[in-house]
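One structure is given below, encoded as structure tokens.
The values are calculated or read from the model by the stated rules, or taken from the named source; none is laboratory data. What you see is a predicted model, and the numbers here were worked out from it, not measured in a lab. Using ideal geometry, Cβ is built from the backbone for each residue, glycine included, and neighbour counts are taken over all protein chains shown.
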Amino acid sequence: MAALGAVLAGCGTDPGADRGTDPGAAALKPPSSPTATGGAAASPQPGKPLEQQVPQRPKAPTLAPGPQGLTPVFRRAAAPSATAPRTVALTFDADMTADQGPRAAQGERFDNPGLIAALRALKVPSTVFMTGRWAEEYPAQAKAIGTDPLFEIANHSYSHYAFTSGCYGLPVVAAKDMRADVDRAFRSFEKAGARNVVPYFRFPGGCYDDAALRALAPAGVTAVQWDVISGDAFATDADAVADEVLAGVRPGSLVVMHCTRSAAPVTEEAVRRIVPELRRRGYRFVKVSDLMRAS
């Protein structure tokens, strides 16, 4: 978990900007024949300035609120029956913190178009947990991912600040600003043109407490964690990452990986080993929404 936390560290205040030309967009262009599913355009919300309006999101299964109305948390599907099909959800965190704009301008890549292309070639439905800052840096890629029916985009916050203290050294979002941070990320996806956006949220660093769950309750999201840590953060051995996933997956598992080339450089290679092996074992890949629906 320490390695996972390392890739999540380093937040700041640079608001970021749309950089226009996106080198990864060509590799991520979705097929032209299928139409995007589940999309819903934003509609005007009377009485609110445009920049404060929250885009409508497509219907997707969510969990009922927890005790005292807290945001519910989903970690994996319920144990299936002996006759149920084996399913597993691969999820990818598209991490980019608020202060990494200058590093991106100098050539550091926080995207991973090769990984997305591999998932497409392997026909693996996946959920990408994206920060709003990543969508602003790579708007063409965010749109390509978010209009391809193979994928769905979920919220990983805008600024990648922690939602509770003591989370791998990340700066902490004030409780009064947590809802606004999540809404800002959703607006970034909408601005980029993503349509397959689901009402799920992954806490930066996976860190949360009851105060955070309470603050996000009005957003109507389900918090999504995981039960299998891939260990791909800063890994240099793709086989070791693949072994970690293959050893941990059980029917209904939810795997956390990364879609950040500079911080998780061997993820694509690991996925190319993981997918055929799990299929050989009888697993079917699904998005988080499908895993939640089935459970």
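Remarks
- Of all residues in region 220-236 being among the hydrophobic types (A, V, I, L, M, F, W, C) and under 17 Å from the mean Cα position of the chain (by Cα), the one that is surrounded by the most Cβ atoms within 10 Å (Cβ to Cβ): 224
- Set side by side, the residues 124, 173, 128 differ, and just one is surrounded by fewer than 23 Cβ atoms within 10 Å (Cβ to Cβ) and in contact with a strand residue (DSSP E or B) (Cβ under 8 Å, 6 or more places away or on another chain), which is 124.
- Any hit, region 42-50, residues being surrounded by 12 or more Cβ atoms within 10 Å (Cβ to Cβ), modelled with pLDDT under 90 and either touching a Pro at 6+ places or on another chain (Cβ under 7 Å) or not small (Gly, Ala, Ser) (or both): yes
- Test: residue in region 115-130 that is small (Gly, Ala, Ser) and out of contact with any helix residue (DSSP H, G or I) (no Cβ under 6 Å at 6 or more places or on another chain): yes
- Any hit, region 165-182, residues being within 18 Å of residue 288 (Cα to Cα), part of a loop (DSSP other than H, G, I, E, B) and either modelled with pLDDT under 95 or among the hydrophobic types (A, V, I, L, M, F, W, C) (or both): no
- Looking at region 186-295, the helices (runs of 4 or more DSSP H) lying wholly inside it that each contain 2 or more residues that are within 19 Å of residue 120 (Cβ to Cβ) and touching a helix residue (DSSP H, G or I) at 6+ places or on another chain (Cβ under 7 Å) sit at 267-280.
- Residue list for region 87-102, filter: touching a Phe, Trp or Tyr at 6+ places or on another chain (Cβ under 8 Å) and either modelled with pLDDT of 95 or more or among the polar types (S, T, N, Q) (or both): 87, 88, 89, 90, 91, 92, 93, 94, 100
- Selected residue (criterion: surrounded by the fewest Cβ atoms within 10 Å (Cβ to Cβ)) from residues of region 243-267 that are modelled with pLDDT of 95 or more and small (Gly, Ala, Ser): 247
- Residue in region 124-135 that is of a type outside the set (Lys, Arg) and more than 18 Å from residue 267 (Cβ to Cβ) present: yes
- When 210, 290, 243, 239 are screened for being out of contact with any Lys or Arg (no Cβ under 8 Å at 6 or more places or on another chain) and without any contact (Cβ under 8 Å) to a residue 40 or more places away in the chain, only 243 passes.
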